[in-house]
Amino acid sequence: MLSSVTDRDGRFSPGYLALLPVLVGIFIAADDQTVIVTVLPQILLDLNVQVNELDRASWTLTGYLLGYVAAMPLIGRMSDVWGHRNLYIASMLLFMVGSVAAALTTSLNWFVFARVVQAVGAGALLPISIAIVADLFPPGKRGVPLGLIGASSEAGAVIGPLWGGLIGEIWGWPWVFWMNIPLGALVLIPLLALLPSSPRFPARIDYIGSVLLAAALCTITLALARVDSPDVLFLAYTLSAGITFILFIIRQGRADSPLLPLTMFRSRAFGAANGTHLLVGAALIIGMVTIPLMANTVLEKTALGGGLMLMRMTIAIPVGAVLGGLACQRMDARVPTVLGLLLIALGCGLMSSWGTDIADPVMTIHLGVTGLGFGFLIAPISLAAINSVSDELRGTASAVVTAMRVVGMTFGLAALTAWGTGRFEQLVVGLELPLALPGETAEQTQARVREFESALTDVGLSVFNDFFLIAMAVALIAILPAMLMALKQSVDCDSTAH
């Protein structure tokens, strides 16, 4: 690691010093994605959201997701045109404005709006940071900084719920958002001093294309959220998504300066990196949903116990991200990508054999292996994307490959919900409710109740085990596009090994 962050004379590389405030900013933004988990109940209580209005509360999460994904391609393109450094600063300021709005909120609708503003700013920081790495480091030296970016993002997401619970308990939930102002200032002040100006590539911004793409991403996300219970809205969202996406493709073919130049997708490396990230996102959401859900049901753990169980996987992701960055600086980037996918498949395969008696240290080992696998993928996939496009498209490429994982998570969650519901209903057919029978003693009724509960536990365990097998299969399928990632970055990496 030391040799990766120092120059040939053993001095600390100035690129890492400039990258430091960028990493802190990513950590803060990622923290805010998950911080709401622990403070949302108190927010809803203070905003007088009634029990029969809890469906509206889901918009605090849905709105954040829509803002995060929809604006990412546009801001990525803007960063190429106006400079990555400038757009990073603007995105951090927008995130801080959204934080102030969230802290001052007096209604649920205003809070949802504030979270969308936060999401637009926070969602832009990660892809812009990936592009900044390409500004600061030559191709053969990008692996470790990309790994550090991934580690910062994943670590922030892990810390978020704990940070929210701590600040909310001491000062109240508004301070969870007020704290983003001094923290944001601590990022911007050294960033202005340390991060050099980024190159600009003047071009017109395709705002029409950005609106069409944002509409397509938003409507497909809304459609997938209703896939388990199709209705008129589901059909309307799906139709709207299809129409707007077709219009977007037509627009990109005709625009003088398209939002997403279609030439990017002619690169085998770029297409393969995006395809791999899509599948990785699907596998990741399966694990992140199944682990706490399994813990809270068949394993009979508390909500805290389920969260701590999931943390055993997520806390390994930052470690894997750094290791993956180191690996892809020394070998063909496809090697750590495939290794990461194999680790995910191994971990999910092991978890598919879990019974109700699963315990430590076996459980922690299985979860840790899976987390390391997900972390291993971050740097090489990002590297394949930014090394496969020209300099003037780095921000755009970073935004697309980052958004692709979120899209994969959305598709994965929708498919998991729809298939899981059907699978559970299929398995419970034939199970009779243990209603008291005439002439039956209380002991006999209780015995049948215990048998029924045991059968339900077996059904739930079977469904959860199937979920892990599906995640394993998705990870193995992802090896196919991963193997198609171009050789360009391997040549660059090899140049640093001699």
task: For helix 394-428, report the angle its Cα long axis makes with the longest principal axis of the Cα atoms of the chain; keep it between 0 and 90° and round to the nearest 10°.
output: 10 degrees
statement: Given [x] 22.5; [y] 23.7; [z] 36.5 as possible values of Kirkwood radius over Cα pairs in Å, the one from the coordinates is [y]
- prompt: Helix 59-70: angle to the longest alpha-carbon principal axis of the chain, degrees 0 to 90, nearest 10?
  reply: 30 degrees
query: How large is the charge dipole for the chain, taken about the Cα centre, if only the Cβ atoms of Lys, Arg (+1) and Asp, Glu (-1) carry charge, to the nearest 20 debye?
result: 1740 debye
In sequence order, calculated HN-Hα J values of the range 362-379 (Karplus, 6.51, -1.76, 1.60; Hz; x Gly/Pro): 4, 4, 5, 4, 4, 5, x, 4, 5, x, 4, x, 4, x, 4, 7, 4, 5
- prompt: So what's the range 208-335 giving for Cα Rg divided by 2.2 N^0.38 Å, two decimals?
  reply: 1.43
task: With a cut-off of at most 15 other beta carbons within 10 Å, and DSSP calling the residue loop, which trypsin sites (Lys or Arg not before Pro) in the range 194-231 qualify? Please list them.
output: 200, 204
task: Working from Cα positions, state the angle (0 to 90°, nearest 10) between the long axis of helix 207-224 and the longest principal axis of the chain.
output: 20 degrees
query: Taking amide H positions as placed 1.01 Å from N in the peptide plane, with prolines and chain starts having none, which residues 5 or more places from residue 203, or on another chain, fall under 5 Å of its amide H?
result: none
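None of the figures in this text is laboratory data; all of them are computed from the coordinates on show. Predicted, not measured: the structure shown is a model, and the values here were computed from it. In this analysis, Cβ positions are derived from the backbone assuming ideal geometry, glycine residues included, and neighbour counts consider all displayed protein chains.
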